[in-house]
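**Student:** So that we are looking at the same thing, I have put the structure below in structure tokens.
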Amino acid sequence: MLTFFGLTPQYRKLLFDQIHFLVFHGGGGFQHSEVYNMPIWLRRFHIQSISEYNKDQNEKVEKAKKLKFFLINRIRTNQL
């Protein structure tokens, strides 16, 4: 259903998904009202920055896990 005034259902869902992402994953740095009133470009910037940070952290964790696994296996093989 199209309406002249207001947001379309698709855009409304996108908006609330972005608000949820920033409030939930923003580390307590965002409130619903400020994200709702934030310019689109700034909202997208923060979402992209948080996503890149999380991706970088995940890569570091995976690298540390692989190193730990390698070191444990090396210690085990040297002890036997």
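**Student:** For the chain, count the residues as N, evaluate 2.2 N^0.38 Å, and divide the Cα radius of gyration by that value, please.
**Tutor:** Relative to the rule-of-thumb radius for its length, the chain sits at 1.82.
**Student:** Could you look at the stretch 1-68 and say what percent of its accessible area is carbon and sulfur, using a 1.4 Å probe and all protein chains?
**Tutor:** Carbon and sulfur: 62 percent of the exposed surface of the stretch 1-68.
**Student:** Taking only Cα atoms, what is the 0 to 90° angle, nearest 10, from helix 40-79's long axis to the longest principal axis of the chain?
**Tutor:** Computed tilt is about 10 degrees.
**Student:** In a GNM of the chain with a 10 Å cut-off on Cα contacts, which of Phe70, Phe21, Phe45 has the highest mean-square fluctuation?
**Tutor:** Result for the chain, Cα springs under 10 Å: Phe70 fluctuates most.
**Student:** With only Lys, Arg, Asp and Glu charged, each at its Cβ (+1 for the first two, -1 for the last two), find how big the charge dipole of the chain is about the Cα centre; round to the nearest 20 debye.
**Tutor:** 520 debye
**Student:** Right, next: Taking +1 at the Cβ of each Lys and Arg and -1 at the Cβ of each Asp and Glu, which of His20, Tyr36, Ile50 sits farthest along the dipole of the chain towards its positive end, judged by Cα position relative to the Cα centre?
**Tutor:** Ile50
**Student:** For the chain, what is the accessible area per residue in Å² when the probe is 1.4 Å?
**Tutor:** 89 Å²
**Student:** Let me ask something else about it. Per DSSP helix of 4 or more residues, -39500 (n - 2.57); summed, then divided by the residues of the chain. What does that give at 222 nm, rounded to the nearest 500?
**Tutor:** After summing the helix terms and dividing by residue count, I get -27000 deg cm²/dmol.
The values are calculated or read from the model by the stated rules, or taken from the named source; none is laboratory data. Bear in mind the structure is a predicted one, so any value in this text is a computation, not a measurement. Cβ atoms come from the backbone with ideal geometry, glycine included; neighbour counts cover every protein chain shown. Areas reflect the complete protein model, heavy atoms only, side chains present, ligands, DNA and RNA absent. Shrake-Rupley method; radii C 1.70, N 1.55, O 1.52, S 1.80 Å.
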